[in-house]
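Okay, structure first, notes after.
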């Protein structure tokens, strides 16, 4: 076989997706993935949106379209971000095929080989994969129960001279931690003093379990020319639509659009128009009320059930929203070694060590609580108890 790109071939696939492939067995209960509950999808409403789009805009919906995205969708997304505290105009938005494509585009455009990216530790594995394609180097910044530690951030900036920092400040993946408002202001104060990019990834903030909201760090006007904010409809409407977006400075959006042209030309026209139609004919906030309530019930069921499952001395982060629980097992436990036994017992979790950019802790695990009803969670925890008890 002729040679292929040596760097890309050396990266390997996602170990998490390999684990999730095992969970396709209907006899296996998966606490592994970050998939929303399938029963939360408005199948009927989305179907009607596709029908209306085909009836009213059939030829347009099936034709090529602009790389930047359908104007109506860009306007709708800008309005949603403004509603959530990040003032935006349609021209500030580039539509992507899911936020994962957005991460890939951002990596290609703002990172050079050996560019340093600061990250929380642990952090989202697929973002690391996206940035690694550009040969970026990663450096961890200390975190605590409130997320990134501001003093550690400034020290890391001075030490490493990074190109960017990648953050998930709200219901972080994998830990579920949310950075408080006061710390967000501290982080913005620091970033405003230095010439580095903020990549703010925000897939989960709409899945809050209380009435409070958190203002994105990117809302600070001092960061307007150095912030790239990524969002998605995957967690609140349906991941199969593959609708995400990047909000950023116009000059960078132009380059992102050119880069997107070289890989995918555009995001599906019919999917974009169906998303716009659904948002026009439905109240997203009202739709999310029962979803949030059910996810909170599932979170509580898993938190309560884990006490009879995990070994004495464990600690657990109980998130205020999002999809994930993060558990620390006592020293001596290795979640990587236990995963084979777990699969044989009919349950899957994700070993936490895979999320670290440095100093991985083998005694950590990530558990997703949103994908299964309470009864299935109870059965899955019973199976898990045979491994850890």
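Conditions (1) modelled with pLDDT of 95 or more; (2) buried (at least 24 other Cβ atoms within 10 Å of the Cβ); (3) farther than 19 Å from residue 357 by Cβ, marked per residue:
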residue	(1), (2), (3)
167	yes, yes, no
174	yes, yes, no
179	yes, no, no
185	yes, no, yes
190	yes, no, yes
195	yes, no, yes
201	yes, yes, no
208	yes, no, yes
212	no, no, yes
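One residue is enough: does the stretch 259-275 have a residue meeting the conditions modelled with pLDDT of 95 or more, touching a strand residue (DSSP E or B) at 6+ places or on another chain (Cβ under 6 Å) and closer than 29 Å to residue 77 by Cα? Yes, that holds for at least one residue. Only a single criterion out of (1) within 30 Å of residue 364 (Cα to Cα); (2) not in a loop (DSSP other than H, G, I, E, B) is not satisfied by residue 288, namely (1).
Where residues in the stretch 322-353 are touching a residue at least 40 places away in the same chain (Cβ under 8 Å) and on the phi > 0 side of the Ramachandran plot, which of them is farthest from the chain's Cα centre (by Cα)? Walk me through how you get there before you give the answer.
The first filter runs over the stretch 322-353 and keeps only residues touching a residue at least 40 places away in the same chain (Cβ under 8 Å), leaving 322-327, 329, 333, 338-339, 341-343, 345-350, 352.
With on the phi > 0 side of the Ramachandran plot added as a condition, the list becomes 322, 346.
On the way: 322: 10, 346: 26 Å.
Only one residue fits best here, namely 346.
Residues that are in a loop (DSSP other than H, G, I, E, B) and farther than 13 Å from residue 169 by Cα within the stretch 207-225 comprise 207, 209, 210, 211, 212, 220, 224, 225, listed in sequence order. Condition check for residue 23 on (1) more than 30 Å from residue 136 (Cα to Cα); (2) surrounded by 16 or more Cβ atoms within 10 Å (Cβ to Cβ); (3) at pLDDT 95 or above: one failure, at (3). Within the stretch 174-195, the set of residues being out of contact with any strand residue (DSSP E or B) (no Cβ under 6 Å at 6 or more places or on another chain) and in contact (Cβ under 8 Å) with a residue 60 or more places away in the chain comprises 178 only. For residue 289, the criteria (1) farther than 21 Å from residue 382 by Cβ; (2) under 21 Å from the mean Cα position of the chain (by Cα); (3) touching a residue at least 12 places away in the same chain (Cβ under 8 Å) hold in every case but one, which is (3).
Residues are listed down the side, and each one gets a yes or a no for (1) in the same structural domain as residue 61 (by TED's automatic domain parsing); (2) under 21 Å from residue 201 (Cα atoms); (3) buried (at least 16 other Cβ atoms within 10 Å of the Cβ); (4) touching a residue at least 12 places away in the same chain (Cβ under 8 Å):
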{"site": "241", "(1), (2), (3), (4)": "yes, yes, yes, yes"}
{"site": "260", "(1), (2), (3), (4)": "yes, yes, yes, yes"}
{"site": "265", "(1), (2), (3), (4)": "yes, no, no, yes"}
{"site": "269", "(1), (2), (3), (4)": "yes, no, yes, yes"}
{"site": "296", "(1), (2), (3), (4)": "no, no, yes, yes"}
{"site": "305", "(1), (2), (3), (4)": "no, no, yes, yes"}
{"site": "313", "(1), (2), (3), (4)": "no, no, no, yes"}
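Of all the numbered requirements in (1) touching a residue at least 40 places away in the same chain (Cβ under 8 Å); (2) touching a strand residue (DSSP E or B) at 6+ places or on another chain (Cβ under 8 Å); (3) more than 26 Å from residue 183 (Cα to Cα), residue 136 misses one, and that requirement is (1). Of all residues in the stretch 52-105, which are outside any loop (DSSP other than H, G, I, E, B) and on the phi > 0 side of the Ramachandran plot? Once the filter is applied, which keeps residues that are outside any loop (DSSP other than H, G, I, E, B) and on the phi > 0 side of the Ramachandran plot, the stretch 52-105 yields only 98.
Tell me, please, whether a residue that is part of a helix (DSSP H, G or I) and within 21 Å of the chain's Cα centre (by Cα) can be found in the stretch 261-274. First the steps, then the outcome.
In the first step, residues of the stretch 261-274 are kept if they are part of a helix (DSSP H, G or I); the result is 261, 269-274.
Imposing the further condition that a residue be within 21 Å of the chain's Cα centre (by Cα) reduces the set to 271-272.
Yes, some residue in the stretch 261-274 is part of a helix (DSSP H, G or I) and within 21 Å of the chain's Cα centre (by Cα).
Residue-by-condition table, conditions (1) loosely packed, with under 15 Cβ neighbours inside 10 Å; (2) farther than 30 Å from residue 346 by Cβ:
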| position | (1), (2) |
| --- | --- |
| 33 | no, no |
| 54 | no, yes |
| 83 | yes, yes |
| 97 | no, yes |
| 110 | no, yes |
| 116 | no, yes |
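Within the stretch 139-155, restricting attention to residues that are out of contact with any strand residue (DSSP E or B) (no Cβ under 8 Å at 6 or more places or on another chain) and in a helix (DSSP H, G or I), the residue that is surrounded by the most Cβ atoms within 10 Å (Cβ to Cβ) is 150.
Quick test of your reading of the structure: residue 233 fulfils all but one of (1) more than 23 Å from residue 97 (Cβ to Cβ); (2) crowded, with 21+ Cβ neighbours inside 10 Å. Name the failing condition by number. Among (1) more than 23 Å from residue 97 (Cβ to Cβ); (2) crowded, with 21+ Cβ neighbours inside 10 Å, residue 233 violates only (1).
Once the stretch 302-319 is narrowed to residues that are outside any loop (DSSP other than H, G, I, E, B) and in contact with a helix residue (DSSP H, G or I) (Cβ under 6 Å, 6 or more places away or on another chain), the residue that is nearest to residue 177 (Cα to Cα) is 302.
The values are calculated or read from the model by the stated rules, or taken from the named source; none is laboratory data. No experiment lies behind these values; they were computed from the predicted model shown. When we count neighbours, we look across all protein chains shown, and the Cβ atoms used for this are built from the backbone with ideal geometry, even at glycine.
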